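Values in this text are rule-based calculations from the coordinates and carry no lab data. The model shown is predicted, which means the values in this text are computed figures rather than measured ones. When we count neighbours, we look across all protein chains shown, and the Cβ atoms used for this are built from the backbone with ideal geometry, even at glycine.
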Amino acid sequence: MRVMGGSRLAAVCASALVLAGCTGATQGSPVASGSSSPESTTVAAGPEPFDPCTIPKSAVTASGLDVSTERPDFAGITTYPGWKGCTWDGVAQKSWYYVAVLSSLESIDELLLSPSFVRGVDLKLSERTATQLRHADEMQFLGCAVALNTDDGLIVLDLQKKGSRDLEGEPCTEVNRHAADLEPFFPT
């Protein structure tokens, strides 16, 4: 079992909350309608974001990530409607980082409104334009993210240093490489 320091876990959870956005509070108490029926009601499900855990295991491995460390709901991202995520560690026995691939129905423009990220350079991934991001807090030099639009929303690859491990590379260089490797498996 891996143990994550409290401040590190808090930072990861904060990242997930920021990426997920906020929803407004509801005032008052719920009230049942005047008529009730024993018949069941079917509610149509809304669109679902891309599930990053469906990226082929062979592609994840070829990119240098360890499929045995796959975590489908790292930091509870799927508790936020319209978000899905999958996380893998680097392949080295004592890998210094993990990569979370997050998917949302939001747009990159909505993500860039967040004060939690500093916009970096624009990148080309095949024929797509992506944006490099850094966290705007003390984590800014411990990781790097790449975000790109899809027809149905947004994909974010967020690479973060693990716990007390030393940086053994440049986070943006690493996440850019993983983004280029995995991009063919993202929705258009």
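Stretch Lys162-Glu138 to full length: gain in nm at 0.36 nm per residue minus the Cα-Cα span?
Values: separation 24, 0.36 × 24 = 8.64 nm, distance 1.44 nm.
Going from the current span to full extension adds 7.2 nm.
What ³J(HN,Hα) values, in whole Hz, does the Karplus curve 6.51 cos²θ - 1.76 cosθ + 1.60 give for the range 150-163 when θ = phi - 60°, with x put for Gly and Pro?
10, 4, 10, x, 8, 10, 10, 9, 10, 9, 10, 5, 8, x
By a straight-distance test (C-alpha under 17 Å), which lysines pair with Lys161 as possible cross-link partners, with residues fewer than eight away in the same chain excluded?
Qualifying lysines at Cα under 17 Å: Lys94.
Just to check I understand the Karplus step: with θ = phi - 60° and J = 6.51 cos²θ - 1.76 cosθ + 1.60, what whole-Hz values come out for the range 124-139, glycine and proline as x?
Values, residue by residue: 10, 10, 6, 9, 9, 9, 10, 10, 7, 10, 10, 5, 8, 10, 5, 7 Hz.
GluC sites (Glu not before Pro) within the range 42-141: which are DSSP loop residues with at most 13 other Cβ atoms inside 10 Å? Provide the component values of the computation, followed by the final result.
Working: sites: Glu70, Glu106, Glu110, Glu127, Glu138; in loops: Glu106, Glu127, Glu138.
Listed in order of number, the matching sites are Glu127, Glu138.
If one computes the Cα centroid of the range 103-119 and of the range 129-178, what distance in Å separates the two points?
For the range 103-119 versus the range 129-178, the Cα centre distance is 13 Å.
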